1. Taking the conditions exactly as written (closer than 17 Å to residue 223 by Cα and surrounded by 14 or more Cβ atoms within 10 Å (Cβ to Cβ)), does residue 256 satisfy them or not?
2. What about residue 317, is it in contact (Cβ under 8 Å) with a residue 24 or more places away in the chain, over 30 Å from residue 209 (Cα atoms), touching a Gly at 6+ places or on another chain (Cβ under 9 Å) and not assigned by TED's automatic domain parsing to the domain that holds residue 134?
3. If you take the residues in the range 259-287 that are among the basic types (Lys, Arg) and under 26 Å from residue 208 (Cα atoms), which one is least open to solvent (accessible area, probe 1.4 Å)?
4. When the range 5-31 is examined, which residues are found to be charged (D, E, K, R) and over 22 Å from the mean Cα position of the chain (by Cα)?
5. Quick check: is even one residue across the range 344-367 within 23 Å of residue 115 (Cβ to Cβ), under 19 Å from the mean Cα position of the chain (by Cα) and without any contact (Cβ under 8 Å) to a residue 40 or more places away in the chain?
6. Is there any pair with a first residue in the range 53-81 that is over 17 Å from residue 108 (Cα atoms) and in the same structural domain as residue 116 (by TED's automatic domain parsing) and a second that is within 11 Å of the ligand (Cβ to nearest atom) and assigned to a loop (DSSP other than H, G, I, E, B) whose Cβ atoms are under 7 Å apart and which are 6 or more apart or on different chains, and what are they?
7. Against the definition (open to solvent by 40 Å² or more (accessible area, probe 1.4 Å), without any contact (Cβ under 8 Å) to a residue 12 or more places away in the chain and of a type outside the set (D, E, K, R)), how does residue 297 come out, yes or no?
8. Could you tell me whether the range 237-247 includes any residue that is in contact with a strand residue (DSSP E or B) (Cβ under 6 Å, 6 or more places away or on another chain) and basic (Lys, Arg)?
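The values are calculated or read from the model by the stated rules, or taken from the named source; none is laboratory data. Keep in mind that what you see is a predicted model, and the values were worked out from it rather than measured. Here the Cβ positions follow ideal geometry from the backbone for every residue, glycine too, while neighbour counts run over all protein chains shown. Accessible surface is based on the protein model in full, side chains and every heavy atom, while ligands, DNA and RNA are left aside. Shrake-Rupley method; radii C 1.70, N 1.55, O 1.52, S 1.80 Å.
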Amino acid sequence: MTQQATAVGHAVRATYLYSAMTDVAGLSGDTAYGAAVDRLWADVVAKRLYVTGGIGSRGVVEAFGEDYELPNRNAYTETCASIGNALWGHRMFLLRGEGRYVDVLERILYNGYLSGVSLGGTRFFYQNPLESAGESDRTDYFEVACCPSNLARMMAQLPGLIYARRGDDVFVNLFIGSRTRVQAGGASVAIAQTTRYPWDGTVRLAIDPDRPTTMALRVRVPGWSRNEALPSDLYRFAESSREAVALRVNGKGEPVTLDQGYLVLRRRWTAGDTVELRLPMPVRRLLANGGVQEDRGRVALQRGPLMYAVEGIDHAGHALNLVLPPGAPLATSFRAGLLGGVQVITGTARVVDAAGAAPRDVPMLAIPYYAWNNRGRGEMAVWIPTAPR
Ligand SMILES: [Zn+2]
């Protein structure tokens, strides 16, 4: 029989406690601690994680809720809880070396964490709801000022989450333009990463050891690029994408074989070697586990690691009356002049103006969730009904 564990209580404190337990497991080799954090992480990812990566559904004692208790309008999802969950996920990766922990960390970083700050960097969310009737607005300060300072601390910590090393294995965990230098296979290896991620899924790595060396480069292949929305059954893509991940080493195509969420390139590296990874980024519809009552009959939109939201300002002042039928075609394009430059999702939604009224078609525009509430207060939804209610 499998032992169960349930994450309960204050979500921020819980993730910091679980981070410490994960460190104890790693440093002491205590398998009981390791098994406990495995079960807790599996519980959070299966039943308590918002599609934005947020956790801590309840405002009362800032707590995890019951199984599948993930309300959208009243989602508490404190910015600090997202940060705590990301830091815990990083420690779980360090303990286990598996890509699924970074998959969840990435979902948090680009969505529920990033929404905590305005595009200008001066206004903050304490709570990060997935739906608003216009009541939510970032503010410039809180009496309990944990979130702004924690958010800034996390931003400064971000460079340390991109790469990792274990013996002669070098991990590329996040796709962020960057340079690093690691010691592997007895050489000093410079790595330069070039990418437009998250707008484009092409990632180029220049590998320059100071002398030829044998090492394994482990590049994370995100779950979303291989039809896995989350490493649990909490969310799933409505349809499978047939677009495949492609890999080229020194310009030559190579098969993509995965080990624990990573493609592994174990070979002799010499200065000037290049790796190019192409992660296809079609627009995806996401569905929630039937246990999540609030998301039944609704769909969310994802492209690459980003979750999308519809805002009232783009729909004649309303977003909560939009309906997105299954199969309605969706397109994507980059709008340099919108919200600092964002990839948007467009299509045709239906609006029902009043009960019993005939639905009419309207152009739909979805923006990355993190960028909402940067053009004033208004209605917003991540989970869009697929039929009139
Ligand atoms: Zn906080």
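1. Working: closer than 17 Å to residue 223 by Cα: yes; surrounded by 14 or more Cβ atoms within 10 Å (Cβ to Cβ): yes.
Yes.
2. Against the criterion (in contact (Cβ under 8 Å) with a residue 24 or more places away in the chain, over 30 Å from residue 209 (Cα atoms), touching a Gly at 6+ places or on another chain (Cβ under 9 Å) and not assigned by TED's automatic domain parsing to the domain that holds residue 134), residue 317 qualifies.
3. Here is the first cut: in the range 259-287, the residues among the basic types (Lys, Arg) are 266-268, 278, 284-285.
Filter once more, so that each one left must be under 26 Å from residue 208 (Cα atoms): 266-268, 278.
Values: 266: 152, 267: 73, 268: 142, 278: 114 Å².
Across the range 259-287, the extreme among qualifying residues is 267.
4. Matches in the range 5-31: 23, 30.
5. Checking the range 344-367: at least one residue is within 23 Å of residue 115 (Cβ to Cβ), under 19 Å from the mean Cα position of the chain (by Cα) and without any contact (Cβ under 8 Å) to a residue 40 or more places away in the chain.
6. 58/76; 59/76; 62/56; 62/76; 63/56
7. Working: open to solvent by 40 Å² or more (accessible area, probe 1.4 Å): yes; without any contact (Cβ under 8 Å) to a residue 12 or more places away in the chain: no; of a type outside the set (D, E, K, R): yes.
When the stated conditions are applied, residue 297 does not pass them.
8. No, that holds for no residue.
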